[in-house]
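Q: One structure follows; several queries about it will come next.
The values are calculated or read from the model by the stated rules, or taken from the named source; none is laboratory data. On a predicted model such as this, the values are computed, not experimentally measured, just so you know. Because the Cβ atoms are built from the backbone with ideal geometry, glycine has one as well, and the counts that use them run over all protein chains shown. Side chains are part of the model used for accessible areas, which takes the heavy atoms of the whole protein and leaves out ligands, DNA and RNA. Shrake-Rupley method; radii C 1.70, N 1.55, O 1.52, S 1.80 Å.
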Amino acid sequence: MKAAVIVFPGSNCDRDAAVTLEAVTGVKPAMVWHGDESLPKVDLIVLPGGFSYGDYLRSGAMAAQSPIVRAVKAEAERGVAVLGICNGFQILTETGLLPGALMRNSGLNFICRDVDLTVERADTAFTNAYTQGERVTIPIAHKDGSYFADDETLDRIEGEGQVVFRYATAEGGSGNPNGSRRDIAGLIDRTGRIMGLMPHPERAADAALGGIDGRRLFESLTRTLN
């Protein structure tokens with residue numbers, strides 16, 4: 001599987017994503033600068049976490065206007081898989097490649113900790129190495145991670161099976177860390193080829209760093225896209 005990682009000014013997880021991709025696939029991904037206007041031929045495009053353009057205006061809003069994003073949209077329309085992690089998820093909603101928006105956390109604070117997730121679907125290109133209903137632990141690190149969409153949109157994406165990960169219910173109360181509607185932590189588009197999620201799977205891909213639950217997301221892609 002050949003992959004490209006997009007690098008924006010303010011990205012801080014682009015190298016993490018690249019290291020994980022190389023460890024899982026054995027192939028070093030292309031690192032593509034936001035000002036470029038074209039992409040190499042790849043099977044997967046990763047929009048990594050970070051704080052592109054310092055999160056000015058809205059998180060992901062300026063990055064969504066970068067020249068490379070036009071190429072990302074064109075490749076997505078051709079069927080190339082796209083994964084947006086944290087800030088990458090924000091960029092995907094800003095471009096309209098995924099529905100809804102990511103808002104300020106309900107507690108108005110930056111949150112950086114492990115969270116439990118429930119795997120809602122294990123039949124997608126991004127999740128086939130998991131089991132449906134499985135509970136996994138993956139870290140978050142965001143200030144604008146509260147997923148929002150209106151009721152009509154939420155009903156539609158629920159009905160079409162686009163919710164892939166939810167924040168798991170904790171004993172004695174909600175495990176939702178940021179106020180995301182319907183506990184949504186990760187979504188796919190209608191084609192199943194574009195995914196956004198707020199937790200960072202690349203930070204849970206090495207046992208020496210505390211966990212490997214995130215690694216299986218990249219293994220899922222390798223199974224599907226090789």
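Q: Would you compute, for the Cα atoms of segment 71-226, the largest minus smallest coordinate along each principal axis and list the three values in descending order, in whole Å?
A: Computed over segment 71-226, the largest-to-smallest principal extents equal 43, 38, 27 Å.
Q: Next up: Please compute the length gained on full extension between Arg181 and Lys28, using 0.36 nm multiplied by the number of residues separating them and subtracting their Cα-Cα distance.
A: 51.4 nm
Q: Can I ask one more? If each residue of separation counts as 0.36 nm, what is the full-extension length gain between Glu77 and Asp150 once their alpha-carbon separation is subtracted?
A: 23.8 nm
Q: Hey, another quick one. Using packing as a proxy for protection, rank 86-94, 180-188, 21-29, 154-162 so that the peptide with the highest average count of other Cβ atoms within 10 Å comes first.
A: 86-94, 180-188, 21-29, 154-162
Q: So what is the relative contact order for segment 58-115, in percent, with contacts set as C-alpha pairs under 8 Å and at least six apart?
A: Once normalised by length, the contact order is 34 percent.
Q: Given 37 °C and 0.692 mPa s, how large is the Stokes-Einstein diffusion coefficient of segment 99-187 in µm²/s, with Rh as the Kirkwood radius over Cα pairs?
A: For these conditions, the coefficient is 245 µm²/s.
Q: Where in segment 20-90 are there trypsin sites (Lys or Arg not before Pro) that are in a DSSP coil and have at most 11 other Cβ atoms within 10 angstrom of their Cβ?
A: Of the trypsin sites (Lys or Arg not before Pro), the ones in loops of segment 20-90 whose Cβ has at most 11 other Cβ atoms within 10 Å are Lys41, Arg78.
Q: Then there's this: With every protein chain left in place, what is the accessible area per residue of segment 47-188 in square angstrom, probe 1.4 Å?
A: Result: 41 Å² of accessible area for each residue.
Q: Of all the accessible heavy-atom surface of segment 1-136, with the other protein chains kept in place and a 1.4 Å probe, what percent is carbon and sulfur?
A: Roughly 48 percent of what the probe reaches on segment 1-136 is carbon or sulfur.
Q: Would you calculate the volume per residue, in Å³, of the smallest convex hull containing every Cα atom of segment 27-91?
A: Taking only Cα atoms, segment 27-91 has a hull volume of 83 Å³ per residue.
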